[in-house]
Every structure is written in structure tokens, then in C-alpha cells.
């Protein structure tokens with residue numbers, strides 16, 4: 001009898017992330033977990049992605065779309081073709097620590113979990129660790145827990161489902177459905193994904209309202225099927241407003257503290273002495289500029 005642990009299918013989804021792709025592929029190939037297959041799905045990229053991934057053609061399976069089909073198509077394609085006992089997506093602009101899969105599998109194995117979700121290490125335009133609580137379906141629906149496709153999925157449990165939401169939050173929609181169907185979720189509290197944050201064009205209030213409207217639509221659809229097991233969508237809207245107000249209050253408090261610190265410095269003895277010493281020098285500089 002083999003002691004080999006189950007195969008984990010790593011599926012890297014890519015669309016025009018050639019500048020990040022090398023880091024993602026190498027982090028997948030160099031996992032300490034000993035039994036993996038790596039599949040790359042390129043969704044008709046128009047950048048230099050092909051040059052980045054073709055050098056690994058002997059080590060990974062490559063699927064190239066002739067036309068762009070979108071992330072939902074790629075996710076569902078992976079559910080169909082993956083050979084492993086488990087599946088884990090890796091977005092091409094992210095990367096994993098080398099023991100990521102081993103830690104995730106250890107949790108899945110210990111707790112017989114269908115879905116294991118990690119915490120986040122945000123990097124890029126933000127540098128932050130974001131941790132989540134142990135699983136509760138209401139917290140997932142309120143977006144207090146974020147399960148991304150980089151969670152570890154037991155294929156025999158999830159293969160009968162599909163990613164459906166086309167416009168926004170396809171992962172959130174998918175994992176809500178899994179939870180409502182009774183799949184077992186477990187938090188890997190010692191495990192982080194390296195999740196790249198890239199700020200694009202400025203988000204307008206209208207954009208935010210439209211996204212929230214789509215969130216509400218997703219919840220309403222699930223509520224039609226699952227009834228009271230789904231929160232009233234207005235609860236999510238109120239939670240989003242409370243979160244935004246909390247961020248505004250925190251920024252206001254930091255600004256007030258900064259103003260207080262500036263006033264304290266200006267009234268300090270050392271500041272007054274320094275101003276007196278430098279005043280003649282500043283006057284001399286201004287005269288020379290004239």
C-alpha cells in the first residue's frame with residue numbers, strides 16, 4: 001500500500017499577467033507537498049504571457065484559449081479536467097509560500113474538510129495581514145470571511161457544482177452555495193496566500209453602488225433556493241455601510257492625532273529655539289532668491 005498522499009491539482013489561471021507569471025509558476029512547482037500536477041489555463045492573453053509560461057512546458061500542462069472566455073469559464077473547465085483528489089487555484093498575479101499546500105492539506109486531512117480557506121498576506125499597493133475567523137455561513141454571507149478559489153477544494157465534494165456569477169464575486173457566490181449544501185469548511189489559521197493588490201482607476205460611488213447591487217442580487221437568488229438560511233440582503237448593505245463609516249472614523253481619528261502632534265511640536269521649547277535660530281537663515285535665503 002502506497003504512503004503517497006493524494007494528488008493535488010494546482011490550476012493557474014492567467015489573463016495578461018505575464019509580468020507576474022514566473023513567480024506564480026515557480027511557487028507552484030516548488031511546493032513541499034510531494035504529489036501535485038500543475039495546469040496553466042491561459043485565457044487568450046495578448047501580452048507576453050506565452051513567453052513566460054512556455055519555458056515550463058515540460059513541467060506543466062498548458063491550455064490555451066483561442067478567444068477570451070472569462071474567469072468563470074476557466075474555473076469550471078478546471079473542475080472538469082483536474083485529476084487530483086484536491087484542487088487549488090492560483091491566480092497568476094499571486095504566489096504561495098513553499099509550504100502552503102502542505103499546511104492546507106494537513107488541515108483538510110485532520111478535520112475531513114471539503115474546503116480549507118487561508119488568511120491573506122496583502123502585498124503590492126497594500127502591505128497588510130488579514131485574518132479570518134473560524135467558519136460560519138452567516139459571516140461568509142456578510143463578507144466577514146473571504147474564501148477565494150485559492151482555498152483547497154476536495155474534488156469529489158465540489159465537482160458537481162459550478163461557478164456561476166459572471167459579473168462580480170464569482171468565488172463568493174460559489175462558496176455560499178457550497179456552504180448551504182452542507183460542505184464542511186475549515187479555516188487554516190497558520191497559512192497565508194500572498195495576494196497582490198493593484199489599484200487601478202479610481203472607484204466612483206456609482207461603481208460601489210453597482211457592485212453592492214450585484215451582491216444583493218446574488219443573495220436574493222440564494223434566498224429563493226435556501227430560504228431563511230440566507231441572510232436578508234439588507235443586512236449586507238448595512239454591514240458595508242458600517243464598515244465604511246468605521247474606516248472613515250479611523251482615518252478622522254488618525255488625522256486628529258496628527259494635528260495634535262503637530263501642535264504639540266509647535267509649542268515645544270525645542271521647536272521655538274529652532275525657529276529662532278533658522279529665521280535669519282531663511283530671510284537670507286529669500287533675499288538671495290530675489
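Looking at region 136-160 only, could you name the residues that are in a loop (DSSP other than H, G, I, E, B) and more than 23 Å from residue 94 (Cβ to Cβ)?
Once the filter is applied, which keeps residues that are in a loop (DSSP other than H, G, I, E, B) and more than 23 Å from residue 94 (Cβ to Cβ), region 136-160 yields 136, 142, 159, 160.
Does region 56-74 contain any residue that is within 19 Å of the chain's Cα centre (by Cα), closer than 14 Å to residue 151 by Cα and either surrounded by fewer than 21 Cβ atoms within 10 Å (Cβ to Cβ) or in the same structural domain as residue 162 (by TED's automatic domain parsing) (or both)?
No; the residues of region 56-74 include none that is within 19 Å of the chain's Cα centre (by Cα), closer than 14 Å to residue 151 by Cα and either surrounded by fewer than 21 Cβ atoms within 10 Å (Cβ to Cβ) or in the same structural domain as residue 162 (by TED's automatic domain parsing) (or both).
Of all residues in region 19-52, how many are at pLDDT 95 or above, in contact with a helix residue (DSSP H, G or I) (Cβ under 6 Å, 6 or more places away or on another chain) and in a helix (DSSP H, G or I)?
Of the residues in that region, 4 qualify.
Any idea how many residues of region 218-230 are part of a helix (DSSP H, G or I) and either surrounded by 15 or more Cβ atoms within 10 Å (Cβ to Cβ) or assigned by TED's automatic domain parsing to the domain that holds residue 143 (or both)?
Residues flagged as part of a helix (DSSP H, G or I) and either surrounded by 15 or more Cβ atoms within 10 Å (Cβ to Cβ) or assigned by TED's automatic domain parsing to the domain that holds residue 143 (or both) within region 218-230 amount to 6.
Table: residues versus (1) over 23 Å from residue 117 (Cα atoms); (2) in contact with a helix residue (DSSP H, G or I) (Cβ under 9 Å, 6 or more places away or on another chain).
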site	(1), (2)
152	no, yes
170	no, yes
173	no, yes
183	no, yes
191	no, yes
198	no, no
211	yes, no
232	yes, yes
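Restrict the check to region 11-32 and report whether at least one residue is more than 16 Å from residue 150 (Cα to Cα), in the same structural domain as residue 93 (by TED's automatic domain parsing), exposed (fewer than 15 other Cβ atoms within 10 Å of the Cβ) and more than 20 Å from the chain's Cα centre (by Cα).
Scanning region 11-32 turns up at least one residue that is more than 16 Å from residue 150 (Cα to Cα), in the same structural domain as residue 93 (by TED's automatic domain parsing), exposed (fewer than 15 other Cβ atoms within 10 Å of the Cβ) and more than 20 Å from the chain's Cα centre (by Cα).
Tell me the residue from 202, 196, 177 that is closer than 21 Å to residue 72 by Cα and at pLDDT below 95, please.
Matching residue, one of 202, 196, 177: 196.
I need a count of the residues in region 104-135 that are in a loop (DSSP other than H, G, I, E, B) and either surrounded by 14 or more Cβ atoms within 10 Å (Cβ to Cβ) or outside the structural domain of residue 171 (by TED's automatic domain parsing) (or both).
Residues that pass the stated criteria total 4.
Name the pairs whose Cβ atoms lie under 6 Å apart, with the first residue in region 55-69 and touching a residue at least 40 places away in the same chain (Cβ under 8 Å), the second assigned to a loop (DSSP other than H, G, I, E, B), and 6 or more positions between them or separate chains?
Taking only residues 6 or more apart or on different chains, the pairs are 68/43; 68/44.
The values are calculated or read from the model by the stated rules, or taken from the named source; none is laboratory data. Values in this document were obtained by computation on a predicted structure and should not be read as measured data. Heads up, the Cβs are rebuilt from the backbone with ideal geometry, glycines too, and the neighbour counts pull from every protein chain shown.
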